[in-house]
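Below: the structure, in structure tokens.
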Amino acid sequence: MTSDVVANSTSDSGSLAGLAGGYLAIHKATPTATLAVTNSPQPYNGSGQAATVGVSASSVSGTVANISTGGAATKTNAGTYAVTADFVPNDTTNYKTLTGLAAGDFVIQKANATFTVTPYTSLTTTYDGHSHTAAVTSITGVNGETGATVGTVDVSHTTHINAGTYTSDYWFFTGGTNYNDIGNTTIIDSIKKADAVVAVSGYSGTYDGFPHGASGSVTGVDAGGAALGTTLNLGATFTNYPGGTASWTFTGGTNYNDQSGSVLIVINKATAVIVITPYHVTSNTTSHTATGTVTGVDAGGAALGTTLDLSGTTHTDAGEYPADPWSFSGGTNYYDANGTVHDIIDKAHLTVTAQPATVQYSDPLPTFTYAITGFISPDTVAVVSGSPAFSTAAVITFYSGTGGVSNAPGAYTNAIIPSLGTLSASNYDFPTANFVKGTVTVTPEDARPYYTGPTFVNTSGPTSTMATVTLSATIKDITPVDPSASDPHPDNYPGVITNAKVTFINRDTNTVLASNVPVGLVNAGDSTVGTATYNWTVNISPNVSQQYTIGIIVTNYYTRNSSFDDDVVTVSVPPAAGSITGGGYLVMSNSAGLYPGGVGTKNNFGFNCQNTKSGVKGNINTIIRNNGRVYQIKGNSMTSLTTNPITSTTGTATFNGKANIQDITNPNAPPISIDGNATLQVSMADNGEPGSNDTISITVFNKSGGVWFTSNWNGTTYVQQKIGGGNLQVR
């Protein structure tokens, strides 16, 4: 025991105040004590319960008072409550009372509720399309209370609709405040499958191209009589005769029991509609077969799997076939059938066409040819025997002596008349209307003209530029000249040359000088040779000399238009002192150069040249024939002139200049340029009149310096040659 001494203390608390004279104050002591709940835990019983508290240890003896359980005298609901109490010492004079000491926890434990969970089984539950859940009996507490005040049982995990055994179903209990929870508790629920009503029927009918099978229905317990999740397989379907057995199966799925069975599917043969069409055709070298249609009951009217045999109606050759057989095999699904038809093949018509024939005037008609058309491939003219006959219309006339055609050139239509003759063919005929007449075309006979007029002519005087040139030519039928030069080779049938006409033309300008000039005979006993003459008046003004390339065109019953027949005619004012002129031709025998004149051909020429105060003036025109080509050399740019006037017998001259070379072989086409800057050199000798003894040398150099042409070559140099016709004048 402890005591405090305090002077002058009169208070109850033992303190001293106003100490005077040495008063002593003694205070109460504070004991120690440990309290403990002695009746915990207690089960929940639905009534209020109070804790009891005892002293487990203390420094002084004493008792417990003022027990408080969770702030109240008693507690009803399960839970843990803190307990406090006062410790009252037995000696309250000297010890203080301890209030609100913690005495520990008073626990009211949860109780167990009473209930039963009953599962459902396949013995009692059949699938009906509705949900099923485990059953729960009434939940009862310790005092007979029920419902939510006790707790709830969750059986939602036992709910099912479909048939089956559910081994994982469970329930649990939630006790709330005063009752113990029960965790997941497994139970087994089960729903057995139901029996559906399955009705299946077979089929009987005629083949129609469509598959047929059983028909059936299923009635279940689902809403509206459905049997959800099931499958009714009606088995095989049959399209073709005779059908078969359909084995059906019902698969109940989850909720229905399986079933099976079989029914008959009967399919009878059908009758097809058959239409056979005979043919009446014209032979065309290919086989013909009657046509037929079969209409069945398959899609689009087809009769699948059937065969219509028309091979007995097949023929190629012309003829009449009154009882051609056909047959129909109906195959699996159609009935067979047969019959006959009447077929006809007429002969085809062929056309015989006389082919156009061409004959030269004065020649006999050729052998006529013909074409036969109308064959049907692969037939050719080989199927025809014999040949047609031919005659000619009165329009075709002949010479009595030679037998040649005397008609003027031209086309004579319908002149060749074909007829049947000995023609025949197995599958063809030859109607009279199918013989087509042909045309005879008479072409001109070939002729050869030869210029025989002067090649050099002076004007009427030194002051005149007018002259009359007698253009003349000898015209010959090809037969006496060269029979091999005219088709057909050889041409041994001459005509009458007086049927020819002649046109004289200036080739330089393509100007006709005279046309339709008649041809007269030279000898009354020879009708193959004649001459044509025309007096051509020409004015060479303002020139003192002019060269003309004269062409001869033969027309009418004869034909010829070739540059090979051209000649050069020179018309000149009689030359003044210091000038030269001339014209004529050379006959080539020793020509040389890149383009020498052909042996025996003519080298025609014409020229004029003079010295003037302003220089050398003049021109030249010469024609060369080589390897079937005709070349013309023209120059009008003279560069030099040297003359030695004629003395008692001879005058000589040499001149040079520039020239153009061109190919004039085709008189109907523009000339072809060969060289545009050639060099020309001419030397000559005037040996007096009339000029038949005059000589000349003509040489042309190309722009590269080579000899393009020289009229006469002795192996070393250019040599003058005596002219074949014409005249050279040196003054």
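The values are calculated or read from the model by the stated rules, or taken from the named source; none is laboratory data. Just so you know, these numbers come straight off a predicted model, no measurement behind them. For neighbour counting, all protein chains shown are included, and Cβ atoms are generated from backbone atoms with ideal geometry for every residue, glycine included.
Each residue in segment 101-130 was checked for being of a type in the set (A, V, I, L, M), under 29 Å from Asn180 (Cα atoms) and touching a Ser or Thr at 6+ places or on another chain (Cβ under 9 Å), and 6 of them qualify. Right, Pro431: touching a residue at least 24 places away in the same chain (Cβ under 8 Å), surrounded by 16 or more Cβ atoms within 10 Å (Cβ to Cβ) and not aromatic (Phe, Trp, Tyr) or not? Taking the combined requirement at face value, the residue does not satisfy it. Exactly one residue out of Asn603, Asn626, Asn611, Asn619 is modelled with pLDDT of 95 or more and assigned by TED's automatic domain parsing to the domain that holds Thr699: that is Asn603.
Scanning segment 141-161 for residues that are part of a loop (DSSP other than H, G, I, E, B), without any contact (Cβ under 8 Å) to a residue 40 or more places away in the chain and surrounded by fewer than 13 Cβ atoms within 10 Å (Cβ to Cβ) yields one hit, Gly144. Residues in segment 333-361 that are in contact with a Lys or Arg (Cβ under 7 Å, 6 or more places away or on another chain) and either hydrophobic (A, V, I, L, M, F, W, C) or part of a loop (DSSP other than H, G, I, E, B) (or both): Asn333, Tyr335, Ala354. Only one entry in Ala678, Ala669 is buried (at least 16 other Cβ atoms within 10 Å of the Cβ), more than 22 Å from Ala577 (Cα to Cα), within 60 Å of the chain's Cα centre (by Cα) and among the small types (Gly, Ala, Ser), namely Ala678. Residues in segment 312-321 include none that are outside the structural domain of Pro431 (by TED's automatic domain parsing), in contact with a helix residue (DSSP H, G or I) (Cβ under 6 Å, 6 or more places away or on another chain) and surrounded by 14 or more Cβ atoms within 10 Å (Cβ to Cβ).
Which count do you get for residues in segment 700-713 that are in contact (Cβ under 8 Å) with a residue 40 or more places away in the chain and surrounded by fewer than 21 Cβ atoms within 10 Å (Cβ to Cβ)?
Start the filter on segment 700-713 by keeping residues that are in contact (Cβ under 8 Å) with a residue 40 or more places away in the chain, which leaves 700, 702, 706-713.
Pick out the ones that are also surrounded by fewer than 21 Cβ atoms within 10 Å (Cβ to Cβ) and you get 702, 706-707, 713.
Result for segment 700-713: 4.
Each residue in segment 182-238 was checked for being within 30 Å of Thr271 (Cβ to Cβ), among the β-branched types (Val, Ile, Thr) and not in a strand (DSSP E or B), and 1 of them qualify. Taking the condition within 17 Å of Lys722 (Cα to Cα) and buried (at least 24 other Cβ atoms within 10 Å of the Cβ), does Gly606 pass? For Gly606, the condition - within 17 Å of Lys722 (Cα to Cα) and buried (at least 24 other Cβ atoms within 10 Å of the Cβ) - is met. Restricting segment 239-280 to residues that are under 30 Å from His342 (Cβ atoms), outside any strand (DSSP E or B) and among the hydroxyl-bearing types (Ser, Thr, Tyr) leaves a set whose member that is farthest from the chain's Cα centre (by Cα) is Thr271.
Summed over segment 81-91, residues that are out of contact with any Leu (no Cβ under 6 Å at 6 or more places or on another chain), not charged (D, E, K, R) and not in a loop (DSSP other than H, G, I, E, B) total 6.
Among strands (runs of 3 or more DSSP E) entirely within segment 32-80, having at least 3 residues that are among the β-branched types (Val, Ile, Thr) and without any contact (Cβ under 8 Å) to a residue 40 or more places away in the chain singles out 62-69.
In this structure, does Lys96 turn out to be charged (D, E, K, R), surrounded by 18 or more Cβ atoms within 10 Å (Cβ to Cβ) and out of contact with any helix residue (DSSP H, G or I) (no Cβ under 9 Å at 6 or more places or on another chain)?
Working: charged (D, E, K, R): yes; surrounded by 18 or more Cβ atoms within 10 Å (Cβ to Cβ): no; out of contact with any helix residue (DSSP H, G or I) (no Cβ under 9 Å at 6 or more places or on another chain): yes.
No, not satisfied.
For segment 367-397, a residue qualifies if it is without any contact (Cβ under 8 Å) to a residue 12 or more places away in the chain and part of a strand (DSSP E or B), but none of them does. May I ask you to list the residues in segment 615-646 that are more than 20 Å from Ser711 (Cα to Cα), among the small types (Gly, Ala, Ser) and either touching a Lys or Arg at 6+ places or on another chain (Cβ under 6 Å) or part of a loop (DSSP other than H, G, I, E, B) (or both)? Correct list: Ser637 only. Only one of (1) outside any loop (DSSP other than H, G, I, E, B); (2) surrounded by 15 or more Cβ atoms within 10 Å (Cβ to Cβ); (3) over 52 Å from the mean Cα position of the chain (by Cα) fails for Thr468. Which number is that? (2) is the only condition that Thr468 fails.
Give the residues of segment 78-87 that are surrounded by 17 or more Cβ atoms within 10 Å (Cβ to Cβ) and β-branched (Val, Ile, Thr), sorted by residue number. Break it down stepwise before answering.
Filtering segment 78-87 for residues surrounded by 17 or more Cβ atoms within 10 Å (Cβ to Cβ) gives 78, 81, 83-87.
Residues satisfying the conditions are Val83, Thr84.
Kindly indicate which of Thr230, Thr186, Thr237 is of a type outside the set (Gly, Ala, Ser), outside the structural domain of Pro43 (by TED's automatic domain parsing) and more than 19 Å from Thr249 (Cβ to Cβ). The match here is Thr186. Taken together, the residues in segment 115-140 that are surrounded by 11 or more Cβ atoms within 10 Å (Cβ to Cβ), of a type in the set (A, V, I, L, M) and under 30 Å from Gly224 (Cβ atoms) amount to 2.
It is to be established whether one or more residues within segment 415-430 are outside the structural domain of Val554 (by TED's automatic domain parsing), in contact with a Lys or Arg (Cβ under 8 Å, 6 or more places away or on another chain) and among the β-branched types (Val, Ile, Thr). There is at least one residue in segment 415-430 that is outside the structural domain of Val554 (by TED's automatic domain parsing), in contact with a Lys or Arg (Cβ under 8 Å, 6 or more places away or on another chain) and among the β-branched types (Val, Ile, Thr). A single member of Asp222, Asp208 is over 51 Å from the mean Cα position of the chain (by Cα), in contact (Cβ under 8 Å) with a residue 40 or more places away in the chain and surrounded by 14 or more Cβ atoms within 10 Å (Cβ to Cβ), and it is Asp222. Assessment of segment 351-374 against the conditions (modelled with pLDDT under 95, in contact with a helix residue (DSSP H, G or I) (Cβ under 8 Å, 6 or more places away or on another chain) and among the hydrophobic types (A, V, I, L, M, F, W, C)) yields no matching residue. Within segment 550-563, the set of residues being surrounded by fewer than 22 Cβ atoms within 10 Å (Cβ to Cβ) and under 30 Å from Val616 (Cβ atoms) comprises Ser563 only.
Which count do you get for residues in segment 508-521 that are among the β-branched types (Val, Ile, Thr), part of a strand (DSSP E or B) and either under 23 Å from Phe605 (Cβ atoms) or touching a helix residue (DSSP H, G or I) at 6+ places or on another chain (Cβ under 9 Å) (or both)?
Let us first name the residues in segment 508-521 that are among the β-branched types (Val, Ile, Thr), namely 509, 511-512, 517, 519.
Among the residues that remain, those that are also part of a strand (DSSP E or B) are: 511-512, 517.
Okay, now just the ones that are also either under 23 Å from Phe605 (Cβ atoms) or touching a helix residue (DSSP H, G or I) at 6+ places or on another chain (Cβ under 9 Å) (or both), so 511.
Residues flagged as among the β-branched types (Val, Ile, Thr), part of a strand (DSSP E or B) and either under 23 Å from Phe605 (Cβ atoms) or touching a helix residue (DSSP H, G or I) at 6+ places or on another chain (Cβ under 9 Å) (or both) within segment 508-521 amount to 1.
Would you be able to tell me the number of residues in segment 281-293 that are in contact with a strand residue (DSSP E or B) (Cβ under 9 Å, 6 or more places away or on another chain) and part of a loop (DSSP other than H, G, I, E, B)? So that I can check it myself, show each step before the final result.
Residues of segment 281-293 that are in contact with a strand residue (DSSP E or B) (Cβ under 9 Å, 6 or more places away or on another chain), as a first pass: 281-285, 287-293.
Next cut, part of a loop (DSSP other than H, G, I, E, B) only: 283-285, 287, 289-290.
Within segment 281-293, residues that are in contact with a strand residue (DSSP E or B) (Cβ under 9 Å, 6 or more places away or on another chain) and part of a loop (DSSP other than H, G, I, E, B) number 6.
In segment 497-518, the residues that are closer than 16 Å to Pro670 by Cβ reach residues that are assigned to a loop (DSSP other than H, G, I, E, B) with C-beta atoms within less than 9 angstrom, at least six apart or across chains, in these pairs: Ile505/Pro667; Arg507/Asp566; Arg507/Ile664; Arg507/Pro667; Asn510/Pro667.
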